[in-house]
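The values are calculated or read from the model by the stated rules, or taken from the named source; none is laboratory data. This is a predicted model, so every value here is computed, not measured. Ideal geometry is used to build each Cβ from the backbone, glycine not excepted, and the neighbour counts take in all protein chains shown. Protein only, heavy atoms only, side chains kept; ligands, DNA and RNA dropped before computing areas. Shrake-Rupley method; radii C 1.70, N 1.55, O 1.52, S 1.80 Å.
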Amino acid sequence: MLSLIVFLPVIAGLIILAVPSSQKQIIRIVSLLAAVVQMVLAVMIWRGYDPSLAGITAMAGGMPEGSFQFIERLPWISLDLGGMGSMNIEYFLGVDGLSITMVILTALVSTIGVLSSWTIKKQVKGYFLLYNLLATAMMGCFVALDFFLFYVFWELMLLPMYFLIGIWGGPNREYAAIKFFLYTLFGSVFMLLVMIGLYFSVIDPLTGNNTFSLVAMASQENYIKDAILGPDNAMWRYVAFIVLFIGFAIKVPMFPFHTWLPDAHVEAPTPISVILAGVLLKLGTYGMMRINFPLFPEVFQASMYVIGVFGAINIIYGAFCALAQQDLKKMVAYSSISHMGYVLLGLAAANSEGMTGALYQMFNHGTITAMLFILVGVIYDRAHTRQIDKFGGLATYMPVYAGIVTVAWFASLGLPGLSGFISEAFVFVGAFSSETTRYIAMVSVLGIVLGAAYLLWSLQRMFLGKRKDDAAYDLQIGPDGQEKIHFHDWNGKLDLDGRELAMLIPLVVITIFLGIYPMPIMGLMTTTVNHLVEVLAPVVMAAVN
Amino acid sequence: MFELPSGAEIQSIIAILKSGLGFFIPEIYLSILFMGLIILDLVLKGRKNAILGWTTLLGLGGSFYFIAQQHAMQARELFFGMYVLDEYAIFFKYFFVASGMFAVVATLADRKFETEVKSIGEYYALVVAMVIGMVMMAAASDLLMIFLAMELVSLTAYILSGYFKRDARSSEAALKYLVYGAVSSGLMLYGFSLIYGMTAETNILKISMALADHGYDPLVMILATLLIMAGFGYKIGAFPFHFWSPDVYEGAPTPITAYLSVASKAAGFALLLRFFYIAVPHGFSPYEDILGIDWLSLLVIMSVTSMIYGNVVAIWQKNVKRLLAYSSIAHAGYLLLGVIVMDEIGTQAVLFYLLSYFLMNYAAFYVVVLISNRTGSETLDDYRGLGSKMPLAGAALTVFLISLVGLPPTVGFIGKLMIFSALLSKGSLYIWLALIGVLTSVISLYYYMLIPLNMFLRESLEPNEKSLNPGFLAQLMMAVLMILTIWFGLFFEPLSEFARYSSSMFGLSLY
């Protein structure tokens, strides 16, 4: 099941390879079919998932069964290393409460991304090949439970992303693409070293061999005492935690490693922005929750405060930057930085509320930001500009568009009744109830105000009022005497067309539904998050009980 | 004066030589092939390129049969300790014969040989001669034999790199190669003489015993290893003995460039590992020696400077062959990391890395040949827009370059993984080396990606949108190489088992 959901896009890619490149429609439909089937599989996994199992660590005795679900575990590579025993790499997939939410999100965003890619006209075949490769790598990252496998998927994302930004991007795409590539690779090479170090430090209790299994690594009793990352080597464990954290923080992206993100977003085509903000950023925080924190819990406890501070910086700095942007897409990009700050803050709180909020925020940010980027893409397709002050009074002429923008913008700023509110509320409840992050949370609240400021201000400038003199569109009097909007070089529907609605309406429904009744997603994660909190912060838990 | 040996002594010498011959069959076979090619060249008339090329290819392929039979033989010394037969040597025999075959394949694909070269004549024979020389480098266990084998390789390489006689750059390459080669050979020979002066032995095993028994003057020892390093460093193309390589790589015919960058480098490493592991004593900690530096520290310095210098300077290159030349300096640095570890895992990692480097570097040069066949150029600017004109070549080259960077799921990633695992298996001792290794490989991403950047992200300078077809066989070859690069990146067990099996060296058990 999990193998299928991971490799389905690659299978679609192989089919596409056989289709002649002139058959653009077939290529698109094959990709869409793969994505839809992936979505169906995700729903089936969701239905079959038992939310009472904890995950994160193995059951007593080291068996992952009974803790993880949909496990697929095969020996992949077994190398004889002479005196060092043997190197065992497994093909090991499975889901728990952390990954199931991300699997659903990935399937959803991938499908929306395919729909959004319909407007790609240049080298369609190459585009969808890379897109499908990217989809596989993302999904693989979320379900891999072997560090080696995780690393392979993690790195596999980089190359397609480089080309997707670099070939189909905007004017400054070369710079943005290589910056993204170098930045992420810089983070992940450290991960490679930590991975090797962990391998030499951890013994699988079932086989007695060194292992790459993340499940075995998550239990501290499996570490060799005097190994390089064993409990005796506190110094190297700190170093490993920090470099691993930087590797994931680059992906989040956390201040001061965030500078690649605005560049990448501004240059990337709309569907790639959707994927980038909707799924890729989550890989950073997912990696922290799956690998960085549970493997080094004592270092995590020592650094919760610092992580919280960085979270707060992200929230406020991102919001201020967003406030200053003239380019709508750049504003949304900076708002992503700000919103991922909430995730960091929730993680730093290290209690059930905070962690649940963080994970739920990851899901909601995925859906909401996907919506925001699609909406930006809609107006960019028509007007060929994203400058906020080139618009004005759009609400009169594009009422449907304006309506959905309003929902998305309000969801993003955390209006009660929409999904963003619940996750942010949980994050703040968690952060306030934790001794470490209480004061950080007080400062971070400012972020909500700033968020409201930049979102409402852009909404007002673009949609309310009247057309400005230097606006990116003209007004014409239609045959019925009504004033109509007119874009240059745009022959499509003026307001949202069917494809755009097909992308946006499901997201709007999800945002509203999860804002009223969050349990379908939140219910999946509670057991796992509680267990994660136990693993991470036994002290905190003891105080609560 | 020397005494004349008696008849019985001569008889026994002949007997020993005869008994060694049975274990020397691949080398004899290759020598016969070499002579056969020269005769064939004299006999044949007209367009000889294809016939000679295919004969060489098949002839070299035939030697696999004889090499494979050597697996059944026990590791032993031959010819009074001049030469050894062990799994380690057999590994390199396969390696060099396969390299020779690949050089021939690339030569057959290269159109420049048809236009530039009047007589292909002794070209293929020289390729075979170089294979023989390299095979002997990997198996030599005596200072004299080492020197002879290295000179055989060098001399043929000088001729081959200047094979485009009318091309000024090619001639320049050959001359530079010759001058640098002569100097470094001289230095190495001086180092050998110092070792001989200390031990009165030329066999590397006996040298190590003599050094262990009688001790040595550390100052002379460090001088000797430094001088010898000049010779080996020249062959592996590591900083600071690399100065020949960019010019030679750029000027030499591309198949020869590939051949030098893979096989000649591997031969240097074969020798380096055997010589330093067996002949020269070392403390088990690199900081133990009296002077504070010993050959291990020298290797560390060479490795670090090679990684940094090669990767950084490559950033500014405008010619693809030159870019790959600088990158090959960096790869010598990565390989040296495996040598520094000095145990089975390290040796295994080096051998695996060589295998992966063989695959990805040859493949990359092969695509460079195919592209220059169509465009007549090797500069980055002329790679603009090639991605849409030669999609398969573009995709394949990208995969090979990604593998050279060391990103999964390619064989180059596993090579780096092995090297870094070997370093980290020593605990925290070599973490800093691993750090430099990974950081410089991030730098390498930048310049390697310049090639796909020009191929895919930029439009061609000329609006000519005609697609270029490199031919069916070439397409097939590229596809196979691309699949192999990824396949061995995912299922590398056979390669690494082969590398482990081959890491046993004759005489190493002494330590």
Can you check how the C-alpha radius of gyration of segment B:33-98 compares to 2.2 N^0.38 Å, as a plain ratio? 1.44
Accessible area (Å², per residue) of segment A:296-545, counting only protein heavy atoms and a probe of 1.4 Å: 37
In Å², rounded to a whole number, the accessible area per residue of chain B with probe 1.4 Å is 36
Can you give me the % of accessible surface on segment B:287-511 that is carbon or sulfur? Probe 1.4 Å, all protein chains present, nothing else counted. 66
Could you tell me what fraction of 2.2 N^0.38 Å the Cα radius of gyration of segment A:111-200 comes to, as a two-decimal ratio? 1.22
For chains B and A, what's the summed buried accessible area, probe 1.4 Å, to the nearest 100 square angstrom? 3700
Show which aspartates and glutamates lie in cross-link reach of B:Lys18 when reach means a straight Cα distance below 16 angstrom and same-chain residues fewer than eight apart are skipped. B:Glu9, B:Glu27, B:Glu77
Taking the dipole about the Cα centre of segment A:168-247, with the C-beta of Lys and Arg at +1 and of Asp and Glu at -1, give me whichever of A:Ala177, A:Gly187, A:Tyr199 is farthest to the positive side. A:Ala177
Most packed first (mean Cβ within 10 Å per residue), the peptides A:173-184, B:322-333, A:338-349, A:442-453 order as A:338-349, B:322-333, A:173-184, A:442-453
Find, among the chymotrypsin sites (Phe, Trp or Tyr not before Pro) in segment A:432-529, those assigned to loop by DSSP (not H, G, I, E, B) with at most 14 other beta-carbon atoms within 10 angstrom. A:Trp490
Using r as the Cβ-Cβ distance of B:Leu58 and B:Val179, and R0 as 35 Å, what FRET efficiency do you calculate, to the nearest 0.05? 0.45
Counting just the Cα atoms, what span does chain A cover along each of its three principal axes? Round to the nearest Å and put the largest first. 83, 58, 41
Give me the base-10 log of I(q)/I(0) for segment A:296-545 at each q in 0.08, 0.14, 0.15 Å⁻¹, Debye formula, one uniform scatterer per Cα, rounded to two decimals. -0.36, -0.89, -0.98
Counting pairs of Cα atoms in segment A:75-135, how many percent are more than 13 Å apart? 74
According to the Kirkwood expression over distinct Cα-Cα pairs, how big is the hydrodynamic radius of chain B, in Å? 23.3
I'd like the residues of segment A:215-246 whose 1.4 Å-probe accessible area shrinks by no less than 30 Å² going from the isolated chain to the full set of protein chains. A:Ile228, A:Trp236
Among the listed pairs A:Lys329/B:Lys389; B:Lys45/B:Lys118; B:Lys45/B:Lys93, give every one whose C-alpha distance is greater than 22 Å. A:Lys329/B:Lys389; B:Lys45/B:Lys93
Quick one: P(r) of segment B:287-511 from all Cα-Cα pairs, 5 Å bins, percents rounded to integers, in order of increasing distance. 1, 7, 14, 17, 17, 15, 10, 8, 5, 3, 2, 1, 0, 0
What average count of beta carbons from other chains do you get within 10 Å of the Cβ of residues in B:424-435? 4
For q = 0.07, 0.08 Å⁻¹, what log10 I(q)/I(0) does the protein assembly as shown give under the Debye formula with an equal point scatterer on each alpha carbon and no solvent? -0.67, -0.85
Output the DSSP H helices from chain B with an along-axis C-alpha extent of no less than 30 Å and a mean Kyte-Doolittle hydropathy no less than 0.0. B:49-69, B:87-109, B:168-199, B:320-341, B:344-375, B:431-452
Along the positive direction of the dipole of chain A (beta-carbon charges: Lys, Arg +1; Asp, Glu -1; about the Cα centre), which of A:Ala324, A:Phe92, A:Leu347 reaches farthest? A:Ala324
Report, by chain and number, residues whose modeled amide H sits under 5 Å from the one on B:Asn203, excluding near sequence neighbours (fewer than 5 apart, same chain). B:Leu143
Could you state the number of Å between the C-alpha centres of segment A:194-245 and segment A:381-427? 46
Taking just the alpha carbons, could you work out the radius of gyration and Dmax for segment B:22-281, both in angstroms? 18.8, 63
Can you give me the pair-distance distribution of segment A:2-94, C-alpha pairs, 5 Å bins, whole percents? 3, 11, 14, 14, 14, 13, 11, 9, 7, 3, 1, 0
Packing-based ranking, highest mean first, of A:191-204, A:232-245 given that Cβ atoms within 10 Å are counted: A:191-204, A:232-245
Computing the accessible area with a 1.4 Å probe over protein heavy atoms, can you report the carbon and sulfur percentage for segment A:296-545? 65
Hydrodynamic radius (Kirkwood) for segment B:154-266, which is based on Cα pairs only, to one decimal in Å: 15.2
